[in-house]
Amino acid sequence: MKKSILPILTVLAAIVVIWYAGAVWLNSQWTYDQAARAGVEVTFSEMVSDTLTQARPVLPAPHQVAKGLWDGIAGQKITSKRSLVYHAWITFSATMAGFGLGTIAGILLAVGIVHSRAMDMSVMPWAIASQTIPILAIAPMVIVVLASLGIKGMLPKAIIAAYLSFFPVLVGMVKGLRAPDAMQLDLLRTYNASDAQGFWKLRLPASMPYLFASLKVGIAAALVGTIVAELPAGATQGLGARLLSGSYYGQTIQIWAALFGAAILAALLVLVVGVVERITLKRKGMAQ
Amino acid sequence: MRSPVIDAKDLNLIFETNDGPVQALKDVNLSIERGDFVSFIGPSGCGKTTFLRCIAALEHPTSGSLTVNGISPEEARKARSYGYVFQAAGLYPWRTIAGNVKLPLEIMGYTQADQEARVEKVLSLVDLQGFAKKFPWQLSGGMQQRASIARALAFDADILLMDEPFGALDEIVRDRLNEELLKLWATTGKTIGFVTHSIPEAVYLSTKIVVMSPRPGRITDVIESTLPKERPLDIRDSAEFLAIAHRVREGLRAGHAYD
Ligand SMILES: Nc1ncnc2c1ncn2[C@@H]1O[C@H](COP(=O)(O)OP(=O)(O)O)[C@@H](O)[C@H]1O
Ligand SMILES: [Mg+2]
């Protein structure tokens, strides 16, 4: 444990140092401009202390982001529109809805592809093509089109999240359902087992490790999709909207706090999938 | 008059490959009687696996006739007439040993109570009583292979087909399993088709030894063993045993063109 934590702390410390240096460097221009306008000279130490305390820095310092994050999480009632917990909840619920839809779609398509040659030939190319469309470009259009049809709120966001998350689940499940080798399939043939029995008794259990690996990718992709879907003008709720309103008003600290909020949410989601994976595989005897 | 359990007449099987046709079986004629223990021996690529797979209807002959229990291999497969043991144990890692042995029983629709009783019976046949609740990775390779044999014995098939089941195991484990397999054959009365690379193994186990040779895969000799049914391990030092082993070796040499 000690051995693994030391390198991590070293890297973390290096990042913080580089970040502080970057903040001083990027924010110094504004400090010098202000000083020049006021007609005063600034010493190096005055410059440094100013760059780390600006209200709207180009790059907020780590402690400013930490404070912004703390204020957003603990400094507000969680029902307040200024609370990051509130916005994270909005994003989280759309992410989960989209992830659920995407997972179900991915699994169903994978089952179809593995059992039908026609679906293998027809669905897979389209699934791959779907992922070459830049979601950033079409998300606003999708949101606007759906809004004009009267579909607002969580559903449009969930659709975009599902669009991003079904693909890794599809690819992982196809691979997992095809994981059993020829010998294992032959064994079932010697029992004269039906396709359905082969699916439930062999293919599905064999695909579990692949499913969980792709669920981790899928849930992170669903979060990205939700945040992207919250960016288009008009959205007022969610971490994406927080990011956007922050950039409208030059509230860089708010942007960074929202970014870190999103990162923490992503880490928690992946962690939860990982825990469910450990428990499930252990119960099934597939992990030691 | 009793008809043979397995009857092959002028059997040919040609695989169409990218490098042209491969004749895996050429003019194979063989009949196996009920209760026989038949070993197939020969160098790699002589069609041992292919012949066993034809019996199991996992492969289809190009010409000739083949019957299993008097019916076509396909019908025999549907009637679940045989258990098949592959070279690798191929246990499902997500099932316990008992769960693995239950697999064919679940597929074939045995009742829950019957499943339990059969699992217990076959696990004690292969000497794995105490290991029902273990997962495959908790067992040695030899124990895993015994579990896979138990799985093939769990349902009422009167034929047992085994394709180099002990090929991946060390000699000491192999000797023990050979001895156990003979006991099992004696208690169950099944007809066994057994593929091996090892001359002593073939001679020790079999009532009938089929010597094969490659390119094209064909039978070069069929030896009826004169050894008694009761065979302690040290029978392998007897003159009779060595004489049969010698004949097998001669058959292998004759079939093998050293060109
Ligand atoms: N599915 C297949 N497709 C093409 N050739 C095959 C196939 N299975 C076996 N063969 C060929 O048939 C011959 C006999 O193979 P096999 O029965 O596996 O031999 P053995 O089990 O005696 O080693 C070999 O030349 C092998 O390459
Ligand atoms: Mg073989």
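Every number here is computed from the coordinates shown, using simple stated rules; none is lab data. Here the structure is a predicted model, which is why all the values come from computation and not from measurement. FYI the Cβ positions are ideal-geometry reconstructions off the backbone, even for glycines, and counts take in every protein chain you see.
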Filtered trypsin sites (Lys or Arg not before Pro), the stretch A:42-103: DSSP coil and at most 16 other beta carbons within 10 Å: A:77, A:81, A:82
Given charges at Cβ of Lys, Arg, Asp, Glu: chain A dipole, positive-most of A:155, A:174, A:222: A:174
Cα centroid of the stretch B:77-139 to Cα centroid of the stretch B:15-63, whole Å: 27
Under 28 Å from the Cα of residue A:81 - lysines, other chains or at least 8 residues apart: A:67, A:152, A:157
Kirkwood Rh and Cα Rg combined as Rg/Rh, the stretch A:1-113: 1.21
Longest to shortest principal axis, alpha-carbon extents of the protein assembly as shown, angstrom: 116, 56, 55
22 Å tail of the calculated P(r), chain B, as % of Cα pairs: 56
Contact order normalised by residue count of chain A, Cα under 8 Å, 6+ apart, percent: 22
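What FRET efficiency would be calculated for the residue pair residue B:238, residue B:172, taking the C-beta separation as r and a Förster radius of 25 Å, to the nearest 0.05?
Here the calculated transfer efficiency is 0.75.
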Shape of the stretch B:33-187, Cα gyration tensor, a/c cut at 1.5: oblate
The stretch A:2-59: relative contact order as a whole-number percent, Cα under 8 Å and 6+ apart: 41
Whole-Å semi-axes of the ellipsoid equivalent to the stretch B:173-259 (Cα gyration tensor, √5λ, descending): 24, 15, 11
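If each DSSP helix of 4+ residues adds -39,500 (n - 2.57) and the sum is divided by the residues in the protein assembly as shown, what number results at 222 nm, nearest 500 deg cm²/dmol?
Roughly -19500 deg cm²/dmol at 222 nm, from the helical runs in the protein assembly as shown.
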Convex hull of the stretch A:182-288 built on C-alpha atoms - directionally averaged projected area, nm²: 9.8
Separation in nanometres of the label points that stand 7 Å from Cα toward Cβ, at residue B:108 and residue A:76: 6.7
Simple spin-label estimate for residue A:284 and residue A:120 in nanometres, 7 Å along Cα-Cβ: 2.2
Rounded FRET efficiency, nearest 0.05, which uses the C-beta distance separating residue B:140 from residue B:229 and R0 of 30 Å: 0.50
The stretch A:2-59: projected area of the alpha-carbon convex hull, averaged over directions, in nm²: 4.6
Counting all C-alpha pairs of the stretch B:91-156, share separated by more than 13 Å (%): 54
Using alpha-carbon coordinates, inclination of helix B:97-108 to the longest axis of chain B, degrees: 70
GluC sites (Glu not before Pro) within the stretch B:35-79, DSSP loop, no more than 10 other Cβ atoms inside 10 Å: none
Net charge contributed by nearby residues that have their C-beta within less than 12 Å of residue A:73 (K/R +1, D/E -1): +2
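With the cut-off at 29 Å, report for the stretch A:84-283 the share of all Cα pairs above it, as a whole percent.
Of all Cα-Cα pairs in the stretch A:84-283, 33 percent lie more than 29 Å apart.
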Partner lysines for residue B:26 [C-alpha distance under 29 Å; skip if fewer than 8 residues away on the same chain]: B:9, B:48, B:78, B:190, B:208
Distance (nanometres) between label positions extended 7 Å along Cα→Cβ at residue A:275 and residue B:179: 5.3
